[in-house]
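Before anything else, here's the structure in question.
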Amino acid sequence: MNRLFAAILLLFALASCVPQRKTVYVQSTNETKSGLENWTGTKQRLKISPFDMLYVRVTSIDNPEYNFFNEENKINTSITDASLAVTSYTVDENGYILLPVIGKVKVSDYTLQEAAKVLQEHLKAVLSSPIVSIRFVNNSITVLGEVNNPGTYSYTSEQLNIFKAIGMAGDISEYGNRNEVILIRENGSEIQKRRIDLTKDQVFKSEYYYLRPNDVIYVSPLKIRRFGMKEVPYSLILSVGNTAMVVLVFYLNYINSR
């Protein structure tokens, strides 16, 4: 009788445990599992779009007082996200930014490097040997679902992969489904929804490994979480088990007494 009760408890405990294979990232899928796999990602340079915010830095061999970007550059001797935002230029709905002296310049549909060359050509008319560098300011991604710190996170780098984004949100919780991470991406008027399995190393080959600004990542819960069992309910199991045992003993005694 005690063995039966112990077996019932064991079954409940096992059903409530999360298998290790569901919590380990990028598990090898080849047979050798040598640990020496190399992957070629799908990294692409982002193109500037309307309503992006850009930080533009201009240097030249001119006397600093003749560089009309000089005041902005003084502010950014120590570049932070806050200082970038203060001195940024917003791309208008037609893809232009408005710069001092030279006026409107079209930058949309260019990469940062291409846009820097375009601005450099415009600036040659007013500055000697200008050098231009551009950075995104308002890039952000949103991470929701079974992560430890869901929210919207800003970043200034040109590229961000899905693991770094999840790291920003404090990693996936114990009850997050790493097999079913949902990526939502707006591509013009089209909204894309893709399922990504982070437990397989094939994720490195996915075109969605590198994120784009405004992507939304949703980590689905495991089934155990869906059923509301965040922790093994030992007290409930013991109570139900004890009741079942009492009923069973009573029934067996009743049968034997007849």
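The values are calculated or read from the model by the stated rules, or taken from the named source; none is laboratory data. None of these values were measured; they are calculated from a predicted model. Virtual Cβ from ideal backbone geometry, glycine too; neighbours counted across all protein chains shown. Heavy atoms of the whole protein, side chains included, go into the accessibility calculation; ligands, DNA and RNA do not. Shrake-Rupley method; radii C 1.70, N 1.55, O 1.52, S 1.80 Å.
How much accessible surface area, in Å² rounded to 10, belongs to the heavy atoms of THR59 with a 1.4 Å probe?
Counting only protein heavy atoms, THR59 exposes about 60 Å² to solvent.
Want the number for GLU121 to ASN94: 0.36 nm per residue separation, take away the alpha-carbon distance, what's left?
On the way: separation 27, 0.36 × 27 = 9.72 nm, distance 2.05 nm.
Result: 7.7 nm gained on full extension.
Enter the accessible area of TYR175 (Å², nearest 10), with the probe set to 1.4 Å and all protein chains included.
Estimated to the nearest 10 Å², TYR175 gives 30 Å².
Can you figure out the FRET efficiency of ASN149 with GLU174, using R₀ = 22 Å and their beta-carbon distance, to the nearest 0.05?
Numbers: r = 14 Å, r/R0 = 0.65.
E between ASN149 and GLU174, to the nearest 0.05, is 0.95.
Right, something else. As a test of reading the structure, rank PHE51, PHE136, PHE163 by solvent-accessible area (1.4 Å probe, protein chains only), most first. Each step should come with its number before you reach the end.
Values: PHE51 135, PHE136 5, PHE163 50 Å².
In descending accessible area the options line up as PHE51, PHE163, PHE136.
Could you provide, to the nearest whole Å², the per residue accessible area of segment 89-216 with probe 1.4 Å? Intermediate results must be reported in sequence, preceding the final value.
Numbers: 6260 Å² over 128 residues.
About 49 Å² of surface per residue is accessible.
Another question, if that's okay. Based on Cα positions only, what radius of gyration and what Dmax would you give for segment 146-229, in angstroms?
Reported Rg and Dmax, both Å: 13.0, 40.
Right, next: How many nm is it between the label spots at GLN159 and ASN187, if each spot is 7 Å from the Cα in line with the beta carbon?
Here the answer is 1.9 nm between the modelled labels.
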